[in-house]
Structure formats: structure tokens, C-alpha cells
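Let me begin by presenting the structure, written as C-alpha cells, before commenting on it.
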Amino acid sequence: MFDVGFVNEFAATVAEMVLARLPKQNVERRYLSVAEAAIYAGYTEEALWKHIQRGALPVSRQGKSVRVDRLEIDKWMVRNRQ
């Protein structure tokens, strides 16, 4: 009937060809720089820094690096809806 090895090899080749033609997916990161977070939230970077300095928006610090959790931005925006 069918050569199973051939069918599997053919299927793998077709799958590889299809995946090569698909656009690369843009996986959203959970932790953003302050500049990225400002764009995400629709604020200027300076305005976002003011909220961070007031303690209104929690951040994670690693040395000089400051990261904002995308989930915290979402919660913060819901709390501050007008």
C-alpha cells in the first residue's frame, strides 16, 4: 500500500515549507521598558515616570534597568479610567 516512512518524510517536508511561508509571529513580552510601557499605555514617557515615582504604577528594578509589567499597566489603567 503506502510506504509509511515516505509519507512521514513527505508530511514533514510539507509542514516545513508551510511554516517557512508563514509570517514570523510577534510575541508580546510581559515586561516592558518604561518607553515601551508609555507607548502601550498611550502616555508620554515623562508622564509615566511621574506615576512610577509617585508609586502609582509598580515596576521591577534590576540594577539600572526598570521594567513595567504589562498586566500591572492594564490594572492601573482600569483603576484610573475617567
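No value in this document is a laboratory result; all are computed from the given coordinates. Predicted model, so just to flag it, every value in this text is computed and none were measured. Counting neighbours? That spans all protein chains shown, and the Cβs are built from the backbone with ideal geometry, glycine included.
Sparsely packed loop sites in the chain (the GluC sites (Glu not before Pro) outside DSSP H, G, I, E and B with at most 16 other Cβ atoms within 10 Å) comprise 28. Dipole size of the chain about its Cα centre, with +1 on Lys/Arg Cβ and -1 on Asp/Glu Cβ: approximately 700 debye, rounded to the nearest 20. Model label sites at residue 36 and residue 20, defined 7 Å from Cα along the beta-carbon direction, differ in position by 3.0 nm.
Whole-Hz Karplus values for segment 39-51 come out as 5, 4, 7, x, 10, 6, 5, 5, 5, 5, 4, 4, 5 Hz, taken residue by residue from phi with 6.51 cos²θ - 1.76 cosθ + 1.60 and θ = phi - 60°; glycine and proline positions read x. Quickly work out the residue 56-to-residue 12 label distance, labels modelled 7 Å from Cα along the C-beta direction, and quote it in nm with one decimal. Output for this residue pair reads 5.7 nm. Per residue, the convex hull spanned by the alpha carbons of the chain comes to 176 Å³. Quick one: P(r) of segment 31-79 from all Cα-Cα pairs, 5 Å bins, percents rounded to integers, in order of increasing distance. Histogramming segment 31-79 at 5 Å steps yields 5, 23, 39, 27, 5, 1 percent.
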